[in-house]
Amino acid sequence: MFIAKVQGGLGNQLFQWALIKHLSLRYGQPGYLDLSYYNYQIGVPREFSLNKFPHIIYETWIQPEKTHK
């Protein structure tokens with residue numbers, strides 16, 4: 001499984017998506033985009049923009065919650 005923690009503007013997002021897509025196809029493993037950065041940004045505010053392109057298909061990763069014992 002490959003997970004990219006997506007950050008930055010549209011150019012960075014496209015690069016990170018393309019890398020995950022390539023690795024996923026090459027190794028036959030699922031690839032996911034972790035979008036948590038866009039919920040807790042520090043510095044220059046950015047918005048997730050890949051969802052504006054319907055031909056770009058991706059799956060998102062949600063970090064499992066930690067369990068305390």
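The C-beta contact set for the stretch 36-56 (first residue under 19 Å from Trp17 (Cα atoms), second residue among the small types (Gly, Ala, Ser), distance under 7 angstrom, 6+ apart or interchain) comprises Arg46/Gly8; Arg46/Gly9.
Inspection of the stretch 43-50 identifies no residue that is loosely packed, with under 15 Cβ neighbours inside 10 Å, part of a helix (DSSP H, G or I), aliphatic (A, V, I, L, M) and touching a strand residue (DSSP E or B) at 6+ places or on another chain (Cβ under 9 Å). Name the residues in the stretch 18-69 that are out of contact with any Asp or Glu (no Cβ under 9 Å at 6 or more places or on another chain), of a type in the set (A, V, I, L, M) and within 16 Å of Lys5 (Cβ to Cβ), would you? Passing the criteria: Ala18, Leu19, Ile20, Leu23, Leu35, Ile42, Leu50. Only one of the listed residues (Leu19, Leu25, Leu33) is outside any loop (DSSP other than H, G, I, E, B), in contact with a Phe, Trp or Tyr (Cβ under 6 Å, 6 or more places away or on another chain) and free of Cβ contacts under 8 Å to residues at least 40 places away in the same chain. That residue is Leu33.
Quick check on the stretch 51-65: of everything there that is of a type in the set (D, E, K, R) and in a loop (DSSP other than H, G, I, E, B), which residue is modelled with the highest pLDDT?
Glu59
Do we have any residue at all in the stretch 14-23 that's out of contact with any Gly (no Cβ under 6 Å at 6 or more places or on another chain), buried (at least 16 other Cβ atoms within 10 Å of the Cβ), of a type in the set (D, E, K, R) and under 21 Å from Gln63 (Cα atoms)? Yes, because at least one residue in the stretch 14-23 is out of contact with any Gly (no Cβ under 6 Å at 6 or more places or on another chain), buried (at least 16 other Cβ atoms within 10 Å of the Cβ), of a type in the set (D, E, K, R) and under 21 Å from Gln63 (Cα atoms).
The values are calculated or read from the model by the stated rules, or taken from the named source; none is laboratory data. For clarity, every value in this text was computed on a predicted model and none was experimentally measured. Note that each Cβ is placed from the backbone with ideal geometry, even for glycine, and that neighbours are counted across all protein chains shown.
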